[in-house]
Amino acid sequence: MTAPQSWIGQRVPKLDAPDKAAGRTRYVQDLVVPGMLAGAIRRSDRVHARIVHIDTAPAMRMPGVHAVLTAADIDNVPFGHGKDNTPFKGDRVRCVRDEIAAVAADTEAQARAACAAVVVEYENLPAVFDPAEALRPGAPVLHTGHPDNRPFTYDYSHGDLATGEQASAHIVETVFRLPFVTHCCLGTSCIVAEFDARGRLTLHSLTQVPFLYRRDMAAICGLQPEDIRVLQGPIGGAFGSKLDIYPYEPIAVHLARATGRPVRILFSRQEEFLASPTRQPARIRLRSGCDGEGRLTFRDASVLLDNGAYTSWGATTPFVMMQTFSSLYRVPHVRFATEVAYTNNPYSGSFRGYGNLQATFAVESHLDMLAEKVGIDPLTLRKRNVNKVGDVTGQGLRFASCGMQKCLHEAARSAGYRSRRNKLPPLRPGTLRGLGMASMLHVGGGAKIYRSDGCGSVLTLDDFGKATLVTGSTDIGQGSETVLAQMVAEVLGLHIDRVQVVNTDTDVKPWDVGVHASRTSYVAGNSAILAAKQARDKLLAAAAAQFGVPVEMLTLGGGHVLLGDRELEPIDRLVRTLHFSGRHELLVTHAYFEPSSVAQDRGFKGNVSPTYAFGTHVVEVEVELDSGIVRVLAVHAAHDVGRVLNALGIEGQIEGGVVMGLGYALTEELQVRQGQVRNPCFRDYHLLTAPEVPPIHMRFVESADPTGPFGAKGVGEAPAICVAAAVANAVFDATGVRFTELPLSPERVLQGLIDAGVAADPLGGL
Amino acid sequence: MNAAVAPRYLRPATLGAALDALGAPGARAIAGGTDWMVDARAGRPGAALVVNVLRLAELRGIAADGAWIDLGGATTVAELLRDPLVRAGAPLLWQAADRFASPLVRTRATLAGNVCNASPAADLTLALVALGAEIDVHSASGCRRVPVAAFVFGPRHTDLQHGELVVRVRVPVAAAGAFHRFEKSGTRPALEISAVAVATAMTFSGHVVRSARIALGAVAPRPMLATSAMAVLQDQCLDERTVDAAVLAAATQCQPIDDVRGSARYRKRLVAAFVRRALLAARSHAEEAR
Amino acid sequence: MSDVTIAFRLNGRMVSATVAPTQAALECLRDQFALTGAKLGCGEGECGACAILLDGQAALGCLTPAADLDGREVRTVEGLRDGPALGRIQAALVHEGAVQCGFCTPGMAVAAAALLAEHPAPTVEQIRRGLEGNLCRCTGYVAIVQAVQTAAEPTP
């Protein structure tokens, strides 16, 4: 690729794409370490039971077995956000995932066979699967530390609800139900644990948060953090699923310790569906009000969350949900109350959007419902309440940049929303067609949930003029390393082929809190730019001294120091001069960037992110009246990204996020019944396939964030967030039927259409 | 037979050798292996001897045979899709093949494999039942010809005796002006285990139904003929009353169950919807033909 | 002993191997030949990440008995390269931004190769149907379809 004027905004293929397309890339799942044993886990056969006895002797006798471990064999340290999970379950099982024993053997088949041979005696306990039932007195108690089964509650408010209700001319109230869905990363969960001869542990891991992971794994496994090295190589997708530690990980460490050999645990696809964390299901009761002109007056949200048997990040999704309830559009009075209840269901983790899909579904459905009551079109109502640059919301979110108005405008224009909504004629007999709109807001530069939300960078320019950025941040396939290379290339005036990014080894890279909250472009980007500017300043100062020229007259470009537009000196030669003659100086710089965001106060108030992403989707659907199938004919997506950094990359993020959101809206549901996962396979858990993807029309709004790197903000999560709400609004436009539960499966839609008298029951007289 | 013990494997070069091998205790045939490998990977090979018949010349090839199309049992779904005889002479089978699994499976999955695996949701078998197809079943001691509809009993249960092999599949050539329509549930064109599938093959004399065969898939233990509906349609015009009666009859006759892919009630609704779609399309087809 | 000895052409070279009857082609290629491009995504034929070419046609490595590789022409994603350079489809996948995490990419490349061999000038609909057995969770398929179109265009 010939060097463009600027690397920012270009279509830059990912740096790792050639190796991936060639099939050369070794993922963690491809790793073969000499002497590696295969680990497998024996999981519970019951949903809630006392473990009476575990007999591992039959497993120990099986061929190829090196070790069989249970809770009794290790220091079974509690971990997790609720400190209620343990690597093994020794006295009680609380859900179908529960890890009772683990085996290390020569082959995976032998390890799994030995796991099946472990004999477990149980005594069933009464189980509870409905979070509302779990909160009632007399419900089975899951953890003795929480006899009410309610480990967490969240209460937030701004303004005064009574005032808001008084001021309302229209109020709508709805219960929304959001289902279990799961990440379905193409690469299944995997870890390789190996101890060296000094007792130092190396973990080949899929983690998104290597430094926090190192610290937490040390505590769980009885090691010092400095004795753990985390290698986070290429992974087959994450989407938030690798943000927490799951029992299989310390189990692998214990097996490695017990056998003195490296141990790999790799989930089968069925195991992945069963034991990988889900998106947080939710029951949201929302009351929303507006005045006679459609100006929002209040929101009152009561949320009930199924925590499952143990606590992972799903229980913290209310932090994100409340940002939507409090700040998506201008709302003067908001109350948000969440109860989180233990059940014997599988537990939820973090998943792209982190509670925002659920909250946005409720909020954006209500906007259309309110518009209908007021008698104005939904776009007008949204515009009347739009967030604007400079706003400080009731929760303290500060919008230093805000492209929401433009997003509404662009998405509506692309779809012909005003002129086509409520008027779309059917394309085929027996179908109805509609348009629906929804917007979103999400953090775009991380979220201050830890002591630091920062990222470190170390930048080296070598004797050949090649820049190496060692960044604390992590690439999970989204292309962050390419974007960082673009930024370094831009500042240093290098061709991107001269920049490489290293980010895989905690022994080498500086600290970063991890990949989440759409923070990487913003935080790691700003960090890289700081380090690159220091390097630039060093080069220019050295050139100024060497050539006797005022430093203000010098810039970098095309791999050279430039005086005006004249090439003064190639950068590589300048570096060699610095290195080998006189000054004996290497060109190494470092920086740590901490965003300006603040931790929230006890009332959850505070500007938790330095920047926020906004977006609007308009979806066109066709509803088939005899089958209930909803086909998406087009998606119009307008996203405020601050600044487009990599045009190729950002299109891929939007397209992938939209398709993920469509799956949540229409085809995906992990069917959990009586604590069992009924569809743990791709055959019965439907991701969208290529023929099902509609045309996606994208518009990028560049609102130029004042603190974003080149004005950019993070949008990793944004495109998945408001799709389902737009689909539900479109289905309403087409049919007049309001669906409040996802997914809009054909069966559910057909039933709703028949109940509303919009479709005839194909069974007619039966 | 201990299924946990690794089976032996043979790939005989001739049909005779294959039939001899299949006579051994615990022997079974595999062709593409797309059904068997799922079980084998799960540690359930279910056989002491696996006999690979995929490349046997006698099980391959598609040829016209008078009023029939004669297909090898090991004809892959991809071969069905490419063949002009099938496209023109058995459009219903072609349509079922077009909605079958995925391109990656179609290159290996075979016609006889689909029949012998006997899934209640088997799409190819459904089309074969609707078409009145027959199979030629060989053993070391002879051969017999059986209608597919009489060969499949229930899930994984067929009339295939030990030592037997389905060598040929015979499909009646569609009459000129015949109407064929394969309807399948789901949001995808393929890669879907049918919650409901309906295969319809009809011929007309003017407006009058001369023959009607409607087969319903995934709503009974095996692909079933909607005989009540077919009786309603015989020698009738497809007026509103007849269509309604046929739809009702088909929906009443099927016995779907609740499972992860759908409730029984939704499946009955889909049967009704698909039968109606097929009959309305058939009516238009008959009108256009005049 | 029930193991079977097979001989086949792999990415252009004659090779042989000894495999168990229940072993799949995927594990044979990954474990015995260190060709880890084809991935285990589900082991049940539903995701396409294990796709390989058998006699020019795309098939699932996870559901093809390794024993049936015998006598065949087998090509994996590694064999789509043009010497040291990427093949047309691979280069197009890179150029069009169709690679994010990349786990599905080898399967996509193989499925696309088979598609283009049969339909050298495919319609968009044919491309989408041709890839319907390959799941991707990252890209939404748009760039992948675009890449196959680009690869199909005649070289000027």
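The values are calculated or read from the model by the stated rules, or taken from the named source; none is laboratory data. A quick note: this is a predicted structure, and the numbers were derived from the prediction, not measured. No Cβ is skipped: glycine too gets one built from the backbone with ideal geometry, and neighbour counts run over all protein chains shown. Side chains are part of the model used for accessible areas, which takes the heavy atoms of the whole protein and leaves out ligands, DNA and RNA. Shrake-Rupley method; radii C 1.70, N 1.55, O 1.52, S 1.80 Å.
Just which residues of segment A:684-702 lose 40 Å² or more accessible area with every protein chain there, against their chain alone, with the probe set to 1.4 Å?
A:ASP684, A:HIS686, A:LEU687, A:THR689, A:ALA690, A:PRO691, A:GLU692, A:VAL693
By Kyte-Doolittle mean hydropathy of at least 0.0 and Cα axial length of at least 20 Å, which whole DSSP H helices of chain A are selected?
A:356-374, A:525-547, A:647-662
In whole Å, what is the distance between the alpha-carbon centres of segment B:143-183 and segment A:190-265?
Cα centres, segment B:143-183 to segment A:190-265: 55 Å.
Counting only residues 5 or more places away or on other chains, whose amide H sits under 5 Å from the amide H of A:SER312 once H atoms are built in the peptide plane?
A:SER348
With a Förster radius of 35 Å, plug the Cβ-Cβ distance of A:ASP106 and B:ILE257 into 1/(1 + (r/R0)^6) and report the FRET value to the nearest 0.05.
Plugging the Cβ-Cβ distance into 1/(1 + (r/R0)^6) gives 0.25.
With a 1.4 Å probe and every protein chain left in place, work out the accessible area per residue of the protein assembly as shown in Å², rounded to a whole number.
Result: 34 Å² of accessible area for each residue.
Choose one of A:ALA531, A:GLY558, A:GLY477: the residue whose Cα lies farthest towards the positive end of the charge dipole of segment A:449-593 (beta-carbon charges +1 Lys, Arg; -1 Asp, Glu; about the Cα centre).
A:ALA531
In peptide C:32-42, what is the residue-averaged number of other protein chain Cβ atoms found within 10 Å of each Cβ?
5
Roll a 1.4 Å probe over the protein heavy atoms and report the accessible area of A:VAL458 in Å², nearest 10.
Its accessible surface works out to 40 Å², give or take rounding.
Given the convex hull of the Cα atoms of segment A:669-760, what is a quarter of its surface area in nm²?
The number I arrive at for segment A:669-760 is 10.0 nm².
In whole Hz and in residue order, list the ³J(HN,Hα) couplings for segment B:38-55 that follow from phi through the Karplus curve 6.51 cos²θ - 1.76 cosθ + 1.60, θ = phi - 60°; x for Gly and Pro.
With coefficients 6.51, -1.76 and 1.60, one gets 4, 5, 4, 5, 7, x, 10, x, x, 7, 8, 9, 10, 10, 7, 10, 4, 9 Hz.
Between B:LEU280 and A:HIS590, what is the spin-label point distance in nm, taking each point 7 Å from the Cα along the Cα→C-beta axis?
7.2
Which one of C:THR36, C:ALA20, C:THR5 is farthest out on the positive end of the charge dipole of segment C:4-76, using unit charges on Cβ (Lys, Arg +1; Asp, Glu -1) and the Cα centre as origin?
C:THR36
Quick one: if you stick a label point 7 Å off each Cα along the C-beta vector at B:ALA42 and B:ALA67, how many nm between them?
Taking the simple label geometry, B:ALA42 and B:ALA67 are separated by 4.3 nm.
Could you go through segment A:194-205 in sequence order and give the Karplus-derived ³J(HN,Hα) for each residue, using 6.51 cos²θ - 1.76 cosθ + 1.60 with θ = phi - 60°, rounded to whole Hz, and x for Gly and Pro?
9, 9, 8, 6, 9, x, 7, 9, 10, 10, 8, 10
Which whole-number percentage describes the relative contact order of segment A:481-548, with Cα contacts under 8 Å and a sequence gap of 6 or more?
Reported relative contact order: 41 percent.
R0 = 51 Å: FRET efficiency of C:SER2 with A:LYS373, Cβ-based, nearest 0.05?
E(calc), rounded to 0.05, equals 0.10.
Tell me the mean residue ellipticity at 222 nm calculated for chain A from its helices only (DSSP H runs of n ≥ 4, each -39500 (n - 2.57), averaged over every residue, nearest 500).
-8000 deg cm²/dmol
By the scheme Lys and Arg +1, Asp and Glu -1, what is the net charge of all other residues having a beta-carbon under 10 Å from that of A:GLY642?
That works out to -1.
At a 1.4 Å probe radius, which order do B:VAL208, B:VAL171 fall into by accessible area, largest first?
The most accessible residue leads, giving B:VAL208, B:VAL171.
Amide H to amide H under 5 Å from B:CYS237: which residues, 5+ apart in sequence or cross-chain, H placed 1.01 Å off N in plane?
B:VAL209
Set Lys and Arg Cβ to +1 and Asp and Glu Cβ to -1, take the dipole of the protein assembly as shown about its Cα centre, and tell me which of A:GLY390, A:PRO595, A:ALA634 lies farthest positive.
Highest projection toward the positive end goes to A:ALA634.
Measure up A:LYS406/A:LYS713; A:LYS509/A:LYS538; A:LYS538/A:LYS713 against 24 Å on the Cα-Cα distance and list the ones that go over.
From A:LYS406/A:LYS713; A:LYS509/A:LYS538; A:LYS538/A:LYS713, over 24 Å: A:LYS538/A:LYS713.
Hull surface divided by four, with the convex hull built on the Cα atoms of segment A:565-692: how many nm²?
18.5
Bin width 10 Å, origin at 0, all Cα-Cα pairs of segment C:4-76: what percent of pairs per bin?
Calculated over all Cα pairs of segment C:4-76, the distribution is 23, 61, 16, 0 percent.
Hey, could you get me the Stokes-Einstein D for segment B:159-274, Kirkwood radius over alpha-carbon pairs, 4 °C and 1.567 mPa s, rounded to whole µm² s⁻¹?
Rounded, D is 83 µm²/s.
Please report, to two decimal places, log10 I(q)/I(0) for chain B at q = 0.13, 0.14 Å⁻¹ as given by the Debye formula with identical point scatterers on the Cα atoms and no solvent.
Computed log10 I(q)/I(0) values: -0.87, -0.99.
Taking the Cα centre of each part, how many Å lie between segment A:395-457 and segment A:551-584?
Centre-to-centre (Cα) distance: 46 Å.
At what distance in nm do the modelled label points of B:ARG144 and B:ALA13 sit from each other, each positioned 7 Å from its Cα along Cα→Cβ?
The modelled label-to-label distance comes out at 3.3 nm.
Given a 1.4 angstrom probe, I'd like the percentage of the accessible area of the protein assembly as shown that is carbon and sulfur, rounded to a whole number.
52
Return the Cα extents of segment A:702-745 along principal axes one, two and three, sorted largest first, each rounded to a whole Å.
Sorted largest first, the three principal extents are 44, 17, 11 Å.
So, R0 is 60 Å and r is the distance between the beta-carbons of A:ASP601 and B:ARG82; what FRET efficiency does that work out to, to 0.05?
With R0 = 60 Å, the Cβ-Cβ based efficiency is 0.30.
Could you tell me what fraction of 2.2 N^0.38 Å the Cα radius of gyration of segment A:449-593 comes to, as a two-decimal ratio?
Dividing the Cα radius of gyration by 2.2 N^0.38 Å gives 1.07.
Hey, can you grab everything whose amide H is under 5 Å from the amide H of B:ARG222? Only 5+ residues off in sequence or another chain; H modelled, so Pro and N-termini drop out.
For B:ARG222, no residues qualify.
To the nearest 100 Å², how much accessible surface do chains C and A cover up together, summed over both, with a 1.4 Å probe?
Adding both sides of the contact gives about 3600 Å².
Using only the Cα atoms of chain A, build the gyration tensor, take square roots of its eigenvalues as a ≥ b ≥ c, and label the shape rounded, prolate or oblate: rounded if a/c is under 1.5, else prolate if a/b is larger than b/c, else oblate.
Cα axes put chain A in the oblate bin.
Alpha carbon centre of segment B:231-279 versus segment A:721-766: separation in Å?
22
Give me the summed buried accessible area for the A-B pair, 1.4 Å probe, to the nearest 100 Å².
By this definition, chains A and B bury close to 2100 Å².
Considering only the other residues whose Cβ falls under 11 Å of the Cβ of A:GLN358, what net charge follows from Lys and Arg at +1 and Asp and Glu at -1?
+3
What order do A:PHE593, A:PHE580 take when sorted by accessible area (1.4 Å probe), most exposed first?
From most accessible down to least: A:PHE580, A:PHE593.
Which value, in square angstrom to the nearest 100, describes the accessible area buried between chains C and B on both sides, using a 1.4 angstrom probe?
Result for this pair: about 2600 Å² buried.
What dipole magnitude, in Debye to the nearest 20, does chain A give about its Cα centre under +1 on Lys/Arg Cβ and -1 on Asp/Glu Cβ?
580
Tell me, what ³J(HN,Hα) does each residue in segment A:15-28 have, in order and in whole Hz, if you take phi through Karplus 6.51 cos²θ - 1.76 cosθ + 1.60 with θ = phi - 60° and put x for Gly and Pro?
Result, rounded to whole Hz: 5, 8, 5, x, 5, 5, 5, 7, x, 7, 4, 9, 6, 4.
Tell me, what is the percent relative contact order of chain A, built from C-alpha pairs under 8 Å that lie six or more residues apart?
Relative contact order for chain A comes out at 15 percent.
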